[in-house]
2 protein chains.
Amino acid sequence: MIGEADLIDKKLVMVPGPTNVPDSVMYAMLQPMIDHRGADFHALYSEIEANLKYVFQTENDVFILTSSGTGGVECAVCNLIGEGEKVIVPVFGVFSERLAEKIRRRGGVPIEVALPWGTAPKASEIEEVVEKEPDAKAIFLVYNETSTGVTVRDLPQIGRIADENDMLFMVDAVSILGGDHLPVDEWNIDVCVTGSQKCLACPPGLALVSVSPKAWEKIEKTENKPMYFDLLKMREYASKKETPFTPALPLFYALNEALKLVRREGLERRIERHKRCAEAFYNAIDALRMTPFPMEKENRSNTVIAVNVPDGVNESKVREIMREKYNVLIAGGMGKLKGKILRIGCMGVVSQMEVLMTVNALGNALKDVGYPVNIEDCLNAARKIFQ
Amino acid sequence: MIGEADLIDKKLVMVPGPTNVPDSVMYAMLQPMIDHRGADFHALYSEIEANLKYVFQTENDVFILTSSGTGGVECAVCNLIGEGEKVIVPVFGVFSERLAEKIRRRGGVPIEVALPWGTAPKASEIEEVVEKEPDAKAIFLVYNETSTGVTVRDLPQIGRIADENDMLFMVDAVSILGGDHLPVDEWNIDVCVTGSQKCLACPPGLALVSVSPKAWEKIEKTENKPMYFDLLKMREYASKKETPFTPALPLFYALNEALKLVRREGLERRIERHKRCAEAFYNAIDALRMTPFPMEKENRSNTVIAVNVPDGVNESKVREIMREKYNVLIAGGMGKLKGKILRIGCMGVVSQMEVLMTVNALGNALKDVGYPVNIEDCLNAARKIFQ
């Protein structure tokens, strides 16, 4: 019922993950089932591991979890935090709210730095909290708030603050790693988490986690980790190039191919491509007389484009028209931003073609609901970036 | 490097999961990425949900988790058990040991009923412990010990004991559901967990969990569940035919197709097929002058065939020859059974063909290491069952 008979209605997936997946990554999933305790798997694991270190720009250990990105963040929380331990968490959207909630459920004490949605935490704000809370031993930060389209540009400075104060620095980079700058070691990130289905252009179902030596010191002392997310167990099995529990084999094959594509393109070129596509989107948004949701230009994300819905426009109608008439999927707002913003994924295989198709679909759908648009002007505004 | 150029060396996967996956299930993974908050996903979810209820033989709620089977068991543990709560757990192999360990890590108190490996708990033994431990409010049981090839044939009686004593009954059915009898409602199972990659013949990466109304009462009161495994969140999203976090889409497509194949065959016929294949294996084992590891005939598993390694035979050499020369993968022992037993998966698409190929490979490999075997006798012993 899905896909097969409906190829004529194939959709361009421009939600902020899952994203469009290259054919070679899809077909990689067809490779045969193998014993996950045997030599073929060991070879597969080793290849993925090496290429993950490349995209994370790290010499730290890296792990592949059979779970969504949220599971990866959960893993970081329950390995790094014990009962009653304080963690500084800037909260500026749905995913940073979730992060604080996870810490609370784990028995930790999130010191929440509440910021208006659409803004990003500044290093100076974090520094102030660090001084006020000397017994907080960790900073947990969402680098790219998928719910607001905000990227924390002060991340390197915040990493330095963590380092100077001997605090652990955990970064949720689910919707950004591979699509914007994130040199894990250079920026002092102890645990970095991402997902397979965002900027790496792989299907969803795997979380990827890096762990620094400083993080290991803490993890070795953390008690009562849920077995499924126990990083010590993962380290033990990783020494044999295995996972503690049965891995999602087709997704491992897909990730291996997706990472090879990243290597072939080169990480820097890939990041530059994401940046240009984002600029093209923001130019077109401007030509559409719409405004980005993030309040400061420098914090606008290159991977999730969040846009205010113009007065009098029904965003869910716009998305429905985009989907049904123009075959492009974008997302609406989450949580308290439901109905107020639109969100476009600018991730993975995104190129001029996807940008222009999306701008065209958005412009036409807006026109269809009575919002005056000059489509050609909008497309030209986007095109300018690619010339 | 894997699979593509090596089709001539394709292996028959007879480990106790992952198992061989039908082509139509593999190709189902190629269906397009979709928005997991959109109508196409809702339709996919509904289909899977309906067919899961069929294979679980339940009217309870069922959920699909992006995790291995172990993650599903972890989910059961942290939703059903609070700090200091007692749980009766028969321990008779690696997976029941893990279950007790998970309970301990969760802060619960496992009342372990330690049994010799190769045996299964009896209803009378459980009843005794229930009487001695009146404040234990749950029984957690591994139905099929993948590590010893033992199936707990007293499961229905144990379910009745749980019911009569108003205790919760959780069953780890990872390596058996779909391959042997397991009417979840009829047998009073409150939470039943299985994995995608065993008897359902789907690739690994999904756990499947059923939840009874009695279990919900407890879950609603359980505090501090890890967010990723929170069944209340899953129930909330399931009402919209969604998952709380990004689902592993290709595996959902695969599971949908795999469940359709189960329906087409019919659950009863599928179980009967597993049983006959297991009988053929046990007949051949006998003709090979080898003995099953389970001590009592009635507890021999129909899905995992565990066999004692004959004196003087190096089992890892036998498996290596089977793999490299005869292209059949089987498993060795786990934990303290390492080197002492061989384990064969009898799961999913298993038929006369797979049984005979495996017996042939095993017989020849044994012969190659100097263990005298009459291959034709062994094959005939297996064939007899299918005539």
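The values are calculated or read from the model by the stated rules, or taken from the named source; none is laboratory data. Values in this document were obtained by computation on a predicted structure and should not be read as measured data. Positions of Cβ are generated from backbone atoms using ideal geometry, with glycine treated the same way; all protein chains shown enter the neighbour counts.
Testing B:VAL191 on (1) in contact with a Pro (Cβ under 8 Å, 6 or more places away or on another chain); (2) crowded, with 24+ Cβ neighbours inside 10 Å; (3) under 25 Å from B:MET167 (Cα atoms), one condition comes back false. Which one is that?
(1)
Every residue, every condition in (1) within 14 Å of chain A (Cβ to nearest Cβ); (2) out of contact with any strand residue (DSSP E or B) (no Cβ under 9 Å at 6 or more places or on another chain); (3) among the basic types (Lys, Arg); (4) surrounded by fewer than 24 Cβ atoms within 10 Å (Cβ to Cβ), yes or no:
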{"position": "B:GLY205", "(1), (2), (3), (4)": "yes, no, no, no"}
{"position": "B:ASP230", "(1), (2), (3), (4)": "yes, yes, no, yes"}
{"position": "B:LYS233", "(1), (2), (3), (4)": "yes, yes, yes, yes"}
{"position": "B:LYS241", "(1), (2), (3), (4)": "yes, yes, yes, yes"}
{"position": "B:PRO244", "(1), (2), (3), (4)": "yes, yes, no, yes"}
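Scan the stretch B:60-71 and give yes if some residue there is under 20 Å from A:ALA248 (Cβ atoms) and assigned to a loop (DSSP other than H, G, I, E, B), otherwise no.
yes
Are any of the residues in the stretch A:79-88 of a type in the set (S, T, N, Q) and crowded, with 18+ Cβ neighbours inside 10 Å?
Yes, the stretch A:79-88 contains a residue that is of a type in the set (S, T, N, Q) and crowded, with 18+ Cβ neighbours inside 10 Å.
Every residue in the stretch A:368-379 that is surrounded by 15 or more Cβ atoms within 10 Å (Cβ to Cβ) and assigned to a helix (DSSP H, G or I), please.
Of everything in the stretch A:368-379, those that are surrounded by 15 or more Cβ atoms within 10 Å (Cβ to Cβ) and assigned to a helix (DSSP H, G or I) turn out to be A:ASP368, A:ILE375, A:CYS378, A:LEU379.
Name every residue in the stretch A:185-225 that is assigned to a loop (DSSP other than H, G, I, E, B) and aliphatic (A, V, I, L, M), in order of residue number.
A:ILE189, A:LEU200, A:ALA201
Could you tell me whether the stretch B:281-293 includes any residue that is in contact (Cβ under 8 Å) with a residue 60 or more places away in the chain, of a type in the set (D, E, K, R), in a helix (DSSP H, G or I) and under 30 Å from B:ASP311 (Cα atoms)?
Yes; the residues of the stretch B:281-293 include at least one that is in contact (Cβ under 8 Å) with a residue 60 or more places away in the chain, of a type in the set (D, E, K, R), in a helix (DSSP H, G or I) and under 30 Å from B:ASP311 (Cα atoms).
Would you please name the residue that is farthest from B:LEU44 (Cα to Cα), looking only at residues in the stretch B:244-255 that are out of contact with any helix residue (DSSP H, G or I) (no Cβ under 6 Å at 6 or more places or on another chain) and not in a helix (DSSP H, G or I)?
Out of the qualifying residues, it is B:THR246.
Which of the residues belonging to the stretch A:138-147 are of a type in the set (Ser, Thr, Tyr) and in contact with a Lys or Arg (Cβ under 9 Å, 6 or more places away or on another chain)?
Result: A:THR146, A:SER147.
Please state which one of A:VAL307, A:VAL359 is closer than 20 Å to A:SER96 by Cα, away from chain B (no Cβ under 14 Å) and crowded, with 21+ Cβ neighbours inside 10 Å.
Unique residue meeting the criteria: A:VAL307.
Among the residues of the stretch B:168-178, is any among the aromatic types (Phe, Trp, Tyr), away from chain A (no Cβ under 14 Å) and in contact with a strand residue (DSSP E or B) (Cβ under 8 Å, 6 or more places away or on another chain)?
Yes: one or more hits.
When you go through A:VAL130, A:VAL109, A:VAL91, A:VAL113 one by one, which is the residue that is assigned by TED's automatic domain parsing to the domain that holds A:SER212, over 27 Å from A:ALA254 (Cβ atoms), touching a Lys or Arg at 6+ places or on another chain (Cβ under 6 Å) and surrounded by fewer than 22 Cβ atoms within 10 Å (Cβ to Cβ)?
A:VAL109
Please tell me if B:ALA258 is in a helix (DSSP H, G or I) and crowded, with 22+ Cβ neighbours inside 10 Å.
yes
Which condition does B:LYS317 not pass, out of (1) in a loop (DSSP other than H, G, I, E, B); (2) surrounded by fewer than 16 Cβ atoms within 10 Å (Cβ to Cβ); (3) not hydroxyl-bearing (Ser, Thr, Tyr), if it passes all the others?
Here B:LYS317 clears every test but (1).
Considering each of B:GLU74, B:GLU47 in turn, give the residue that is crowded, with 20+ Cβ neighbours inside 10 Å, assigned by TED's automatic domain parsing to the domain that holds B:PHE140 and assigned to a helix (DSSP H, G or I). Show your work before the answer.
Numbers: B:GLU47 fails: crowded, with 20+ Cβ neighbours inside 10 Å.
Of B:GLU74, B:GLU47, the one residue that is crowded, with 20+ Cβ neighbours inside 10 Å, assigned by TED's automatic domain parsing to the domain that holds B:PHE140 and assigned to a helix (DSSP H, G or I) is B:GLU74.
So which residues in the stretch A:226-243 are of a type in the set (Lys, Arg) and assigned to a helix (DSSP H, G or I), if there are any at all?
Residues satisfying the conditions are A:LYS233, A:ARG235.
Check B:ARG276, B:ARG300, B:ARG264 and return the single one that is surrounded by fewer than 22 Cβ atoms within 10 Å (Cβ to Cβ), more than 20 Å from B:VAL13 (Cα to Cα) and at pLDDT 95 or above.
B:ARG264
Run down B:LEU65, B:LEU80 and say which single residue is under 29 Å from A:HIS36 (Cβ atoms), within 19 Å of the chain's Cα centre (by Cα) and assigned by TED's automatic domain parsing to the domain that holds B:TYR253.
B:LEU65
Of all residues in the stretch B:133-160, which are β-branched (Val, Ile, Thr) and either touching a strand residue (DSSP E or B) at 6+ places or on another chain (Cβ under 6 Å) or outside the structural domain of B:VAL171 (by TED's automatic domain parsing) (or both)?
Once the filter is applied, which keeps residues that are β-branched (Val, Ile, Thr) and either touching a strand residue (DSSP E or B) at 6+ places or on another chain (Cβ under 6 Å) or outside the structural domain of B:VAL171 (by TED's automatic domain parsing) (or both), the stretch B:133-160 yields B:ILE139, B:VAL142, B:THR146, B:THR148, B:THR151.
When you scan the stretch B:334-356, how many residues do you find that are among the small types (Gly, Ala, Ser), under 17 Å from B:VAL150 (Cβ atoms) and surrounded by fewer than 22 Cβ atoms within 10 Å (Cβ to Cβ)?
Within the stretch B:334-356, residues that are among the small types (Gly, Ala, Ser), under 17 Å from B:VAL150 (Cβ atoms) and surrounded by fewer than 22 Cβ atoms within 10 Å (Cβ to Cβ) number 1.
Among the listed residues A:GLY312, A:GLY339, identify the single one that is assigned to a loop (DSSP other than H, G, I, E, B), without any contact (Cβ under 8 Å) to a residue 60 or more places away in the chain and under 15 Å from A:ASP368 (Cα atoms).
Of A:GLY312, A:GLY339, the one residue that is assigned to a loop (DSSP other than H, G, I, E, B), without any contact (Cβ under 8 Å) to a residue 60 or more places away in the chain and under 15 Å from A:ASP368 (Cα atoms) is A:GLY312.
Going through the stretch B:14-65 one residue at a time, which ones are on the phi > 0 side of the Ramachandran plot and facing another protein chain (nearest Cβ under 7 Å)? Can you show your working first?
Kept after step one, since they are on the phi > 0 side of the Ramachandran plot, are these residues of the stretch B:14-65: B:17, B:57.
Selection gives B:GLY17 alone.
Right, A:ALA100: buried (at least 17 other Cβ atoms within 10 Å of the Cβ) and assigned to a loop (DSSP other than H, G, I, E, B) or not?
So A:ALA100 fails the test.
Please determine, by comparing only the residues of the stretch B:127-184 that are of a type in the set (A, V, I, L, M, F, W, C) and in a helix (DSSP H, G or I), which one is nearest to B:MET334 (Cα to Cα).
Once the filter is applied, the top-ranked residue is B:LEU155.
Take the residues in the stretch B:98-128 that are more than 14 Å from every other protein chain (Cβ to nearest Cβ) and acidic (Asp, Glu); name whichever of them is farthest from the chain's Cα centre (by Cα).
Keep residues of the stretch B:98-128 that are more than 14 Å from every other protein chain (Cβ to nearest Cβ), which gives B:111-128.
Next, from what is left, pick out any that are acidic (Asp, Glu): B:112, B:125, B:127-128.
Details: B:GLU112: 21, B:GLU125: 24, B:GLU127: 25, B:GLU128: 27 Å.
Filtering the stretch B:98-128 for residues that are more than 14 Å from every other protein chain (Cβ to nearest Cβ) and acidic (Asp, Glu), the one farthest from the chain's Cα centre (by Cα) comes out as B:GLU128.
Select from the stretch B:320-332 the residues that are under 26 Å from the mean Cα position of the chain (by Cα) and in a helix (DSSP H, G or I) and write down the one among them that is surrounded by the fewest Cβ atoms within 10 Å (Cβ to Cβ).
By that ranking, first place goes to B:GLU320.
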